[in-house]
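J.: One structure follows; several queries about it will come next.
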Amino acid sequence: MSFVIAVSGKGGTGKTTFSALVVDYLVRTTGKPVLAVDADSNANLDLALGTAAEKTIGGVREHLTQNIKNMPAGMSKEVWVESLLQQALVEEKGFDLISMGRPEGPGCYCYLNNIFRRYLDLMTGHYDYVVMDNEAGMEHLSRRTTRGMDVMFIASDPSVRGVRTALRIRDLARELKLDIRRMAMVVSRVRDGLPENLRAIAEEGNLEVAGVIPDDPLITDLDEGGKPILDLPADSPARQAVEGIISRYLS
């Protein structure tokens with residue numbers, strides 16, 4: 001049974017950085033298979049992980065809709081779809097990555113989406129850990145593309161708007177009755193601890209605070225240089241904070 005970790009939140013809150021560091025921590029400390037899922041249509045988890053996702057689920061879906069009449073003879077539609085989806089899987093040392101890619105275009109995707117869902121359900125069952133970097137905001141939740149999670153970390157910046165957005169995401173997940181065992185907020189780019197007014201808003205809204213990630217200029221340097229987040233040194237305050245958070249939620 002996979003342990004599924006999802007990361008959500010509004011844009012610019014460090015979701016992808018957090019997701020990449022969680023993947024790296026699991027690879028280094030567990031020695032078990034890890035699947036990274038980039039569910040953001042503006043995909044860049046691959047860059048953060050130091051790899052390249054040349055094909056995406058969205059790209060496969062578009063290819064299929066445009067070439068459905070050219071299906072190879074003697075091959076069922078399901079087998080053809082799965083063979084193309086397998087090509088979108090990036091295999092790296094310690095983890096695999098699959099990118100969802102761009103959102104759906106016009107036309108009916110119901111049949112293909114059902115195949116994709118079955119394929120992803122089957123595929124994720126082969127990994128001990130699954131880490132999902134989700135779209136900014138709440139679109140992925142309203143479409144019910146995120147289910148069966150052990151923990152969902154809701155990323156926020158140290159602002160009232162960010163914390164209130166985290167509360168709305170938590171509430172939407174509850175309204176949709178999504179299968180999430182535990183939800184908690186992570187606040188990034190924090191200086192001198194989490195401000196008391198923000199902690200008070202979270203406590204008033206009954207939102208668990210998983211922890212804070214200090215503002216780390218090394219992350220900005222890596223982003224500007226086009227280098228993977230995994231190049232953060234072991235003593236990086238951000239890396240240490242993420243590892244401290246995730247270790248508590250795995251125990």
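J.: Given +1 on the Cβ of Lys and Arg, -1 on the Cβ of Asp and Glu, and no further charges, what dipole in debye does the chain carry about its Cα centre, rounded to the nearest 20?
T.: On the way: 29 positive and 35 negative charges, 174 e Å.
Charge dipole of the chain: 840 debye, to the nearest 20.
J.: Now for a separate question. How much accessible area does Arg189 have with a 1.4 Å probe, in Å² rounded to the nearest 10?
T.: Surface open to solvent at Arg189 totals about 120 Å².
J.: When averaged across all projection directions, what area in nm² does the alpha-carbon convex hull of the chain cover? It would help to have the intermediate numbers written out before the result.
T.: Details: hull surface 56.4 nm².
Computed as one quarter of the Cα hull surface, the answer is 14.1 nm².
J.: A further question follows. Could you work out the pair-distance distribution P(r) of segment 1-91 from its alpha-carbon pairs, with 5 angstrom bin width and percents rounded to whole numbers?
T.: Each 5 Å bin holds this share of Cα pairs: 2, 11, 20, 18, 17, 13, 9, 6, 3, 0.
J.: Rounded to the nearest 5, what % of DSSP beta bridges with both residues in the chain are antiparallel? Can you show the working numbers first?
T.: Numbers: 3 of 34 bridges.
Bridges in the chain are about 10 percent antiparallel.
J.: Reachable lysines from Lys32, Cα under 27 Å, same-chain residues fewer than 8 places away excluded?
T.: Of all the lysines, those that pass the test against Lys32 - Cα under 27 Å, at least 8 places apart if same chain - are Lys15, Lys55, Lys93, Lys227.
J.: Just to confirm the number: angle between the C-alpha axis of helix 110-124 and the first principal axis of the chain, 0 to 90 degrees, nearest 10?
T.: 60
J.: Could you list the GluC sites (Glu not before Pro) in segment 1-92 that lie in coil according to DSSP, counting only those with at most 14 other Cβ atoms within 10 Å of their Cβ? Can you show the working numbers first?
T.: Values: sites: Glu54, Glu62, Glu78, Glu82, Glu91, Glu92; in loops: Glu54, Glu92.
When the GluC sites (Glu not before Pro) of segment 1-92 are filtered for loop state and at most 14 Cβ neighbours within 10 Å, Glu54 remain.
J.: Rounded to the nearest 500, what is the 222 nm mean residue ellipticity of the chain from helices alone, with -39500 (n - 2.57) per DSSP H run of 4+ residues and division by all residues?
T.: Values: 10 runs with 108 residues, N = 251.
Roughly -13000 deg cm²/dmol at 222 nm, from the helical runs in the chain.
J.: Accessible area per residue for segment 167-246 in Å², computed with a 1.4 Å probe and the full protein assembly in place, what is it? Mind showing how you got there, number by number?
T.: Details: 4420 Å² over 80 residues.
Counting only protein heavy atoms, the per-residue value for segment 167-246 is 55 Å².
J.: Set the Förster radius R0 to 51 Å, insert the Cβ-Cβ distance between Asn197 and His63 as r into 1/(1 + (r/R0)^6), and round the FRET efficiency to 0.05. Please list the in-between numbers first.
T.: Values: r = 50 Å, r/R0 = 0.98.
Computed FRET efficiency for Asn197 and His63 comes out at 0.55.
J.: Got a sec? What order do Met75, Met1, Met152 fall in by accessible area at 1.4 Å, biggest, i.e. largest, first?
T.: Numbers: Met75 65, Met1 225, Met152 0 Å².
Final ranking, largest accessible area leading: Met1, Met75, Met152.
J.: Taking Lys69 as the anchor, which lysines have their alpha carbon closer than 19 Å to its alpha carbon, excluding any fewer than eight residues away along the same chain?
T.: Lys77
J.: Give me the accessible area per residue for segment 1-98, probe 1.4 Å, as a whole number in Å².
T.: Working: 4380 Å² over 98 residues.
Dividing the accessible area of segment 1-98 by its residue count gives 45 Å².
J.: While we're looking at this one, here's another question. Hey, any idea what % of the chain's accessible area is carbon plus sulfur with a 1.4 Å probe? Provide the component values of the computation, followed by the final result.
T.: Details: 6060 of 12390 Å².
Reported share for carbon and sulfur atoms: 49 percent.
The values are calculated or read from the model by the stated rules, or taken from the named source; none is laboratory data. In this text, all values refer to a predicted model and were calculated from it rather than measured experimentally. Note: ideal-geometry Cβ built from the backbone for every residue, glycine included; neighbour counts use all protein chains shown. Note: areas computed on protein heavy atoms with side chains; ligands, DNA, RNA excluded. Shrake-Rupley method; radii C 1.70, N 1.55, O 1.52, S 1.80 Å.
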